[in-house]
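Presented below is the structure to which this report refers.
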Amino acid sequence: MVPLLASCTPEEEPGPEGEPGAEVPAPFKIGIVTGTVSQGEDEYRAGEQMKQRYGDRVIHVTYPDNFMAEQETTISQIAGLASDPDVTNIA
């Protein structure tokens with residue numbers, strides 16, 4: 001009877017590898033495109049806060065102040081984010 005009871009005891013699930021609370025690197029990045037501080041400080045600061053909070057998982061770039069006249073710069077900023085295979089979203 002002892003072997004029967006021993007075989008019915010639940011196995012302990014192995015804990016997660018590494019240190020408790022250790023961050024697992026995300027398999028993706030998010031690109032955030034905002035205006036500069038002179039265009040809108042709130043949106044720029046929000047982008048900076050996201051970068052500070054999530055670190056390397058967020059790429060924050062700005063478009064030029066005169067983005068209508070500097071369309072090529074704006075397009076190249078966004079294309080640069082899109083060319084990174086790890087970037088899955090651009091906001």
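The values are calculated or read from the model by the stated rules, or taken from the named source; none is laboratory data. All values derive from a computational prediction rather than experimental measurement. For neighbour counting, all protein chains shown are included, and Cβ atoms are generated from backbone atoms with ideal geometry for every residue, glycine included.
Filter the range 36-74 down to the residues that are closer than 23 Å to residue 88 by Cβ, touching a helix residue (DSSP H, G or I) at 6+ places or on another chain (Cβ under 8 Å) and not aliphatic (A, V, I, L, M) and list them by number.
60, 62, 63
Looking only at the range 66-80, decide whether some residue is of a type in the set (S, T, N, Q), touching an Asp or Glu at 6+ places or on another chain (Cβ under 7 Å), assigned to a loop (DSSP other than H, G, I, E, B) and on the phi < 0 side of the Ramachandran plot.
No; the residues of the range 66-80 include none that is of a type in the set (S, T, N, Q), touching an Asp or Glu at 6+ places or on another chain (Cβ under 7 Å), assigned to a loop (DSSP other than H, G, I, E, B) and on the phi < 0 side of the Ramachandran plot.
Being in contact with a Ser or Thr (Cβ under 6 Å, 6 or more places away or on another chain) and at pLDDT 90 or above narrows it down to one residue among 85, 64; which is it?
Just a single option satisfies the conditions, and that option is 64.
Among the residues of the range 59-82, is any surrounded by 12 or more Cβ atoms within 10 Å (Cβ to Cβ), under 21 Å from residue 27 (Cα atoms), within 12 Å of the chain's Cα centre (by Cα) and not aliphatic (A, V, I, L, M)?
Yes, the range 59-82 contains a residue that is surrounded by 12 or more Cβ atoms within 10 Å (Cβ to Cβ), under 21 Å from residue 27 (Cα atoms), within 12 Å of the chain's Cα centre (by Cα) and not aliphatic (A, V, I, L, M).
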